[in-house]
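The structure appears below as structure tokens.
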Amino acid sequence: MSAKITLDQWQALLAVVDEGGYASAAEALNKSQSAISYAVQKIETELGVRAFTLEGRRAKLTETGQMLYRQAKVLVEEANRLESAAIQLSQGWEPLVRVTADGLFPQHCMLSALDAFAQHSPLTRVEYSETILSGSDEALLRKEADVVVGGRVPPGFFGDPLMRVRFLAVAAADHPLAQAKELTHEDLRHHRQIVVRDSGSRRIDSGWLGAEQRWTVSHASTRMAAIRRGLGFAWVPESEMGDGLETGALKVLALDEGVERMMDLYLIYADGQYAGQAARYLGERIRDAAALPCPGVTVSARSPANDAQSVK
């Protein structure tokens with residue numbers, strides 16, 4: 001059975017809602033207002049429904065219209081992705097790949113992946129950005145990345161477990177907290193905690209933040225430098241400590257509980273099954289690099305059990 005409604009007509013309905021009216025929708029789609037009105041009327045006539053109701057001079061979605069809007073948005077987005085995928089396939093390799101990774105992902109892993117990618121496709125441009133907390137989510141939602149390594153899989157996306165990162169509560173060897181043989185979280189309240197700011201606009205806090213004194217920095221390397229100078233304590237990924245524990249420059253705090261924390265990282269393609277060849281290739285090299293030995297990191301194997309953790 002052939003569809004009664006065309007993609008152009010669904011796009012017209014979406015534009016009326018997104019742009020706030022028929023006139024604005026016509027301008028956004030570069031069509032006449034009568035063409036937009038006809039498209040919406042066609043939907044209502046062919047399907048026997050009312051998509052909009054008038055409240056004064058303003059059109060408002062009915063309950064049926066809200067359902068149509070949601071489903072039409074999925075339909076149009078899927079059509080756009082399919083079209084983009086077809087264009088990419090016809091052209092072969094994408095000329096640009098944008099990759100975003102949470103700052104917890106070991107730097108040497110990403111550089112190893114990029115090196116392998118460059119050897120395979122030296123002319124493909126790569127844009128790489130590092131984020132903290134919700135920054136990876138926003139890169140996906142704003143379509144600012146093709147491949148993402150993040151600590152969360154936002155609704156509407158699928159992600160495969162990549163690795164688990166281990167955090168330890170540490171301070172410089174000469175810090176008062178490092179001298180104590182037994183500590184509670186109450187003891188921590190009287191000392192400065194060093195935290196890294198969320199790079200996303202939501203400014204999400206993460207972890208224990210009960211200290212009366214707190215310094216917030218914008219980069220993990222600054223946090224590590226502050227800790228080594230004895231300026232405070234923090235929960236730090238083992239992969240960022242270098243040889244600090246081996247040399248004795250850093251000490252793990254003797255907390256009675258909560259000294260260790262874990263965080264999972266996921267590999268996510270912004271376009272899912274429609275991800276381009278270059279994005280896919282880079283993603284696989286990231287997975288290969290993540291399997292390299294690294295202190296405080298556990299590789300997540302691809303298995304049905306792990307796939308169940310994917311979020312839709």
Q: Would you check if there is a residue in the stretch 57-67 being of a type in the set (Val, Ile, Thr), in a helix (DSSP H, G or I) and touching a residue at least 40 places away in the same chain (Cβ under 8 Å)?
A: no
Picked from the stretch 178-218 (must be of a type in the set (A, V, I, L, M) and touching a Lys or Arg at 6+ places or on another chain (Cβ under 8 Å)), the residue farthest from Asp264 (Cα to Cα) is Ala178
Screening Leu14, Leu89 for residues that are among the aliphatic types (A, V, I, L, M), closer than 29 Å to Tyr274 by Cα and modelled with pLDDT of 90 or more leaves only Leu14
Of the residues in the stretch 114-127 that are exposed (fewer than 15 other Cβ atoms within 10 Å of the Cβ) and not basic (Lys, Arg), the one that is farthest from Pro95 (Cα to Cα) is Asp115
Flagged pairs (Cβ under 7 angstrom, 6 or more apart or on separate chains; first in the stretch 10-36, within 16 Å of Leu75 (Cβ to Cβ); second in a loop (DSSP other than H, G, I, E, B) and of a type in the set (Gly, Ala, Ser)) are Leu13/Ala51
For the stretch 32-56, the count of residues that are among the acidic types (Asp, Glu) and outside any helix (DSSP H, G or I) equals 1
Just one listed residue, out of Arg197, Arg142, Arg166, is closer than 29 Å to Glu77 by Cα and basic (Lys, Arg), and it is Arg142
Arg98 fails exactly one of (1) surrounded by fewer than 17 Cβ atoms within 10 Å (Cβ to Cβ); (2) outside any helix (DSSP H, G or I); (3) among the basic types (Lys, Arg), namely (1)
Subset of the stretch 23-47, residues surrounded by 15 or more Cβ atoms within 10 Å (Cβ to Cβ), out of contact with any helix residue (DSSP H, G or I) (no Cβ under 7 Å at 6 or more places or on another chain) and closer than 16 Å to Leu68 by Cα, comes to Glu44
Checked Ala139, Ala86, Ala113, Ala118 against criteria (out of contact with any Cys (no Cβ under 7 Å at 6 or more places or on another chain), over 26 Å from Leu292 (Cβ atoms) and of a type outside the set (D, E, K, R)); the one match is Ala86
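The values are calculated or read from the model by the stated rules, or taken from the named source; none is laboratory data. Given the structure is predicted, the values throughout are model-derived calculations rather than measurements. Because the Cβ atoms are built from the backbone with ideal geometry, glycine has one as well, and the counts that use them run over all protein chains shown.
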